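S.K.: Got a structure for you, questions after.
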Amino acid sequence: MNTIDSQAAKRWQSMPLQASPWLHDEINRRMQDRLDCITCQPVTWLHWAALSGGVEGYESLMQRYPQSVGTVFETSRRRAQIILQQLQQLQQFQQRQPGFGSDGQTGQELPLAPHVVTQIEQPVQMLWANMALHATDAPQAMMAQWYQALEVDGFLMFSCLGTDTLQSLRDLYKASGWPAPAHVFTDMHDWGDMLAAAGFANPVMDMERITLSFTTPERLLQELRGLGRNLHVHRFAALRGRRWYGQLLRALAQIPLQLEFEIIYGHAFKPAPRHPVGARSAISLADMRAALSQGQTPVPPPYP
């Protein structure tokens with residue numbers, strides 16, 4: 001069940017973030033470990049929505065595939081400008097560090113050369129989408145974009161939040177009679193079904209749970225705000241006041257100061273089409289009648 005407000009989702013996807021959430025960078029690192037099981041070495045790849053998904057992921061992928069060409073796709077021009085500046089600053093910093101010299105004496109230079117786009121220009125051999133899928137109101141459309149962005153035999157790597165995310169916070173809001181603090185997240189198996197429906201082959205899904213602990217309710221809410229926004233279509237429609245905020249802080253102080261996250265990981269391949277695009281088969285009426293009169297099933301000629 002999709003409970004995401006589409007307008008709220010679009011606003012969030014276009015907001016100019018100044019930094020990637022810590023959790024998203026951490027998930028980037030954990031998703032990198034899953035690349036060890038894939039023998040394909042992509043020459044071209046695309047980092048989907050890297051500003052919210054974790055800027056460090058781009059650097060890590062360039063280190064893993066130093067001879068490859070990496071492109072960043074962003075969801076708005078404002079975000080594209082911000083991440084381009086961040087990647088350029090990262091490149092300048094690294095070129096001043098030992099081990100990233102260009103003289104061949106101290107190590108291999110990291111060839112960031114960031115290429116940031118807001119439209120997919122050429123298909124790539126790998127698409128990297130970290131912590132994006134759960135924040136869109138049109139996941140099937142996003143998967144279709146991923147499918148079109150990949151070359152045949154290219155592969156998708158993605159992560160997102162699962163159904164058990166923020167369970168204790170949901171319980172607190174429900175017990176207090178407040179609308180939900182977040183939209184309903186999709187089950188891991190449903191994501192796998194959607195991938196198959198989008199045309200991907202051999203989808204593999206797994207998950208893990210991460211719990212973050214905090215020292216104060218204020219610090220917990222600060223982390224939560226950095227991770228995203230409440231996109232629920234039935235969220236509280238107006239601005240909350242100081243009185244409600246005080247109630248929230250007192251309620252949080254009565255429970256363990258923790259945020260639970262169910263992290264879903266998935267990868268899948270884009271298979272070759274079963275039939276040539278636009279190809280048609282035909283059998284003449286005479287051949288069909290002849291075959292039927294002999295009790296045979298008419299077989300069309302092979303594709304040219």
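S.K.: Since M31 meets every condition but one in (1) surrounded by fewer than 13 Cβ atoms within 10 Å (Cβ to Cβ); (2) at pLDDT 85 or above, which condition does it not meet?
M.R.: M31 satisfies all of (1) surrounded by fewer than 13 Cβ atoms within 10 Å (Cβ to Cβ); (2) at pLDDT 85 or above except (1).
S.K.: Looking at W48, W22, can you tell me which residue is aromatic (F, W, Y) and surrounded by fewer than 15 Cβ atoms within 10 Å (Cβ to Cβ)?
M.R.: So the residue among W48, W22 that is aromatic (F, W, Y) and surrounded by fewer than 15 Cβ atoms within 10 Å (Cβ to Cβ) is W22.
S.K.: Another question, if that's okay. Would you check if L252 is touching a Phe, Trp or Tyr at 6+ places or on another chain (Cβ under 7 Å) and modelled with pLDDT of 95 or more? Break it down stepwise before answering.
M.R.: Working: touching a Phe, Trp or Tyr at 6+ places or on another chain (Cβ under 7 Å): no; modelled with pLDDT of 95 or more: yes.
It is false that L252 is touching a Phe, Trp or Tyr at 6+ places or on another chain (Cβ under 7 Å) and modelled with pLDDT of 95 or more.
S.K.: Name the residues in segment 19-49 that are farther than 20 Å from F261 by Cβ and in contact with a helix residue (DSSP H, G or I) (Cβ under 7 Å, 6 or more places away or on another chain), would you?
M.R.: Within segment 19-49, L35, W45, L46, H47 qualify.
S.K.: Follow-up question, since we're still on this one. For segment 169-181: of the residues being of a type outside the set (A, V, I, L, M) and buried (at least 16 other Cβ atoms within 10 Å of the Cβ), which is nearest to L259 (Cα to Cα)?
M.R.: Of everything passing the filter in segment 169-181, R170 is nearest to L259 (Cα to Cα).
S.K.: Something else now. I'm trying to understand the selection: among the residues of segment 12-59, which are under 23 Å from L212 (Cα atoms) and polar (S, T, N, Q)?
M.R.: Residues satisfying the conditions are Q18, S20, N28, Q32, S52.
S.K.: Among the listed residues D153, D206, identify the single one that is more than 21 Å from I263 (Cβ to Cβ), part of a strand (DSSP E or B) and either among the small types (G, A, S) or touching a residue at least 12 places away in the same chain (Cβ under 8 Å) (or both).
M.R.: D153
S.K.: Restricting attention to segment 67-97, report how many residues are at pLDDT below 85 and touching a strand residue (DSSP E or B) at 6+ places or on another chain (Cβ under 8 Å).
M.R.: 1
S.K.: Residues in segment 184-215 that are surrounded by fewer than 17 Cβ atoms within 10 Å (Cβ to Cβ), under 17 Å from R34 (Cα atoms) and of a type outside the set (A, V, I, L, M, F, W, C): how many?
M.R.: Residues that pass the stated criteria total 4.
The values are calculated or read from the model by the stated rules, or taken from the named source; none is laboratory data. Remember, predicted model here, so these are calculated numbers, not experimental data. When we count neighbours, we look across all protein chains shown, and the Cβ atoms used for this are built from the backbone with ideal geometry, even at glycine.
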